[in-house]
Structures are given as C-alpha cells and as structure tokens.
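The values are calculated or read from the model by the stated rules, or taken from the named source; none is laboratory data. Worth saying up front: this structure is predicted, and the values here are computed from it rather than measured. Here the Cβ positions follow ideal geometry from the backbone for every residue, glycine too, while neighbour counts run over all protein chains shown.
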Amino acid sequence: MFNERMQRRGEERSVIREIFEYGNARKREIGAENVFDFSLGNPSVSAPDCVQREIARLTGTMSAGKMHGYTSAAGAPEVREAVAAYIRSAFGTPMSAELVYMTCGAAASLAITLHALCESGDEFVVITPCFPEYKVFIEQAGGKVVCAQTGPDFHLDLNALDRAVGKRTKAVIVNSPNNPTGVVYGESELNGLAGLLRRKSEEKGSPVFLIADEPYRELVYGVAVPYLPNLYANTVVCYSFSKSLSLAGERIGYIAVSPACAGAQSLFAAVSGAGRSLGYVCAPVLFQRVCAKCLGQSSDVSAYRENRDLLCGGLTSFGFQCVPPDGAFYLFLKSPEPDAKAFCERAKRYELLLVPSDSFGVEGYVRISYCVAKETIARALPAFEKLSREYGL
C-alpha cells in the first residue's frame, strides 16, 4: 500500500533526532533548565549583524512580489554571481556563476550532487566517523556505501582509502571541519588524498570525484581549511550557511562545481536535472539575497571556542578522554565502557543527552554538541563529574 522502504526510513529516525525528541519531552516534564541537551548541532550563537541588517533592509524596501516571487530554478542570477565572485576572491578559484546552484542547505546540496553523479553500480566512499545521513542520501540515489576508517587520531588514513577506492568508485565525500570529531584535515593529507584519487582515476579510466561537504568551513580555532577545488580538479563543493551564519532553520546553501571538473558544464546540467527531479528548485528567495550580502561572514566563533575550552577542560579534569577539536562545534569523547550506547543511557540518569558514535560508523565514543549557551555547559559539568565517579575515573 505504501513504499515500504520509505516507511522504514520514517520509522527509523536518526539516533540524533531520537535523542533530541527525548530531550524535548524531558524538558516539558522537568523544565528545560534541568536538561543538558548536547544532541543536535543547532547553533545557539546569534546570526551576525549583517544578516539582521539585510533582512531588515530587504523586508523594508522590496515589494512583496519582488521579495517572494520565484527565481530561476538554480537561483537568482545576481546571487549566483555573488557566490562565484566570493569564491574567486577568497580562494583564487576561477568560479563561474554558471556552475553555482543555490540549494535548501547542505542536505539538499548532497542529495542533488549524489543523484547527479550516481549511475548503476556506483560506489561512494565515506570517511568514518561521518554524518549518518550520508548513507541515507547515497542509497536513495541508488549508490552503494563503502566506508574508509580514519586513523587513531581521526585524520585521514590513506592506506584505508586506497583499499576503499576501487573500479566502481564514483566519488569520495570529505567533511572538514568534521562532524562528529571536530578534526580539520590539513593540506598535506588532503594533497595525499588528491594524488591517490588522480591515480585511481587513471586506473579506472574515468574520474573519481571529490564531494566537499563544507557546512563548518568558517568555524575553526586557529587553523586553516584548505579549499579542495584548488587541490583536486574533479571537486564539487556542497556548502551551507546554516552553521556559519546561524541560519540552520532557514535551509540555505549552494553547490559549486569546480570549473576544472571533467565535463563541468555537463555535470552542472546533471545537477540541475537532479534538482528538478527531486523538487529542489528555487531555494528560499529571501535568504538567497541575505546570504549574498553576507558571504565570508560568520557568527561569533569565539563563543564556540570558549565553550570548547570550558567543556574540554572540565571533562579531562574528571578523567574523561577527548579528541581536541580544531573546528566545528562537536567534541568526541571516548566512552569509559566499550558500549557507547550503554554509557549514553547511564548519562541520561543525570539528564545528560549525548549521541553514541555507533551511528557515525565507529564504536566506543560519544558526540557532544557544544553549540549551546555557555551557562548550560557550566551547569552540566557537575553532572559529568558525578557520571565520571560512577566509572571510577
């Protein structure tokens, strides 16, 4: 009667969302101030002033018809040109507006790109730990997921990638700064990946593409994030303003096909066709125009740095082991027992809502999303200390 595969997807919500909804229920029961919800990457820092000013300007000066009317399917031409101009200026990449497609955030960017690339029998390599929805997006596009584990420090393991990339590999997804670890891949390791993919492309006689998933690009703490199209020609960038501008609920981003891509114009046509087929056309118009005026800006990264330092300092003082994050707003904590799910259930006794690493493709860790009010972290630390005592840390 219904599409059974879609029904299963609906009944099997992501672990992150399940914990988030559990937290909402607990907040109604005992009060939001008594629940320490570290489940969702929902920015707590306000959008930068440029966003507020541009919203006020646009809503105050533009007629309703011009404000809310459709743009071209790929986005307003002037917005696409602004994005291309920013990429040319910021990264030195000769981007064309004709290769920019405005989207409803990173999820739409990834779904469109995967549908544009995927042919029968194609495989897509994900670097674990990784965002759990990659698997959903890849399988929905008709592809097969192949996992390549990172090294002990959660940086790239080129040997693992060498084994994972084969004759049927269509693309590798790279997410840096990384969700869930906060690790930022350096230029030397990314150059190593680029060299590997060039060799693999020659061996299979067709390009292996690189999909750069970049919602956290601006959220870094004293490190640089290499721009992948400058390191590897066959790159497609999937960008979102949700985290950088604290606009998660507005769902706005873009796809940028590197002009150096093999068959770049044809690939963009496939992107446009995938967007049409999926119904992802004409991204929200108001926020297309807002973001065009705020390119290169970001929310207050120093607030996230303070949260990171407070949380890392507290947890390590209690005996927990953490992966020091250089970007994003996630902390990867080693579970003090092998079963991370069991650890998360025990944490719930103290109203600490953490996400077990199993859904990210590795075992034995939990993700803590610290994009919350600093006061929330301060009030949660005594609960973490009590939890650590249960394990004798």
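So for segment 35-56 (the condition being free of Cβ contacts under 8 Å to residues at least 40 places away in the same chain and under 26 Å from the mean Cα position of the chain (by Cα)), does at least one residue qualify? Full working, then the answer.
Filtering segment 35-56 down to residues free of Cβ contacts under 8 Å to residues at least 40 places away in the same chain leaves 49, 52-53, 56.
Then drop every residue that is not under 26 Å from the mean Cα position of the chain (by Cα), which leaves 49, 52.
Scanning segment 35-56 turns up at least one residue that is free of Cβ contacts under 8 Å to residues at least 40 places away in the same chain and under 26 Å from the mean Cα position of the chain (by Cα).
Residues that are free of Cβ contacts under 8 Å to residues at least 12 places away in the same chain and of a type in the set (V, I, T): find the helices (runs of 4 or more DSSP H) completely inside segment 230-320 holding 1 or more of those.
Numbers: elements: 264-278, 285-292, 301-317.
Output list reads 301-317.
Within segment 1-25, track down each residue that is surrounded by 13 or more Cβ atoms within 10 Å (Cβ to Cβ) and farther than 19 Å from P356 by Cα.
Result: R9, single match.
Please list, ordered by first then second residue, the pairs with beta carbon atoms under 6 Å, 6 or more apart or interchain, first in segment 189-213 and without any contact (Cβ under 8 Å) to a residue 12 or more places away in the chain, second surrounded by fewer than 20 Cβ atoms within 10 Å (Cβ to Cβ) and not hydroxyl-bearing (S, T, Y).
Sorted first by the residue in segment 189-213, then by its partner, the list stays empty.
Can you tell me which residues in segment 358-393 are polar (S, T, N, Q) and at pLDDT 95 or above? Show your work before the answer.
Let us first name the residues in segment 358-393 that are polar (S, T, N, Q), namely 359, 369, 376, 388.
Once the filter is applied, which keeps residues that are polar (S, T, N, Q) and at pLDDT 95 or above, segment 358-393 yields S369, T376, S388.
Quick check, is A111 buried (at least 19 other Cβ atoms within 10 Å of the Cβ), touching a residue at least 60 places away in the same chain (Cβ under 8 Å) and either over 19 Å from the mean Cα position of the chain (by Cα) or not assigned by TED's automatic domain parsing to the domain that holds A283 (or both)?
So A111 does not fit the description; no.
Go over the candidates N178, N159 one by one and state the one that is outside any helix (DSSP H, G or I), at pLDDT 95 or above, under 28 Å from P356 (Cβ atoms) and not assigned by TED's automatic domain parsing to the domain that holds P356.
So the residue among N178, N159 that is outside any helix (DSSP H, G or I), at pLDDT 95 or above, under 28 Å from P356 (Cβ atoms) and not assigned by TED's automatic domain parsing to the domain that holds P356 is N178.
Only one residue in A74, A32, A82 is over 23 Å from the mean Cα position of the chain (by Cα) and either touching a residue at least 40 places away in the same chain (Cβ under 8 Å) or more than 24 Å from A269 (Cα to Cα) (or both), so which one is that?
The unique qualifying residue is A32.
Is it the case that segment 271-278 has a residue that's surrounded by fewer than 22 Cβ atoms within 10 Å (Cβ to Cβ) and within 12 Å of G105 (Cα to Cα)?
no
Which condition breaks for D49 when tested against (1) surrounded by fewer than 14 Cβ atoms within 10 Å (Cβ to Cβ); (2) acidic (D, E); (3) more than 24 Å from S244 (Cα to Cα)?
Checking D49 against (1) surrounded by fewer than 14 Cβ atoms within 10 Å (Cβ to Cβ); (2) acidic (D, E); (3) more than 24 Å from S244 (Cα to Cα), the one that fails is (3).
Mind listing whichever residues of segment 91-108 are surrounded by 22 or more Cβ atoms within 10 Å (Cβ to Cβ) and hydrophobic (A, V, I, L, M, F, W, C)?
Listed by number, the residues that qualify are M95, L99, V100, M102, C104, A106, A108.
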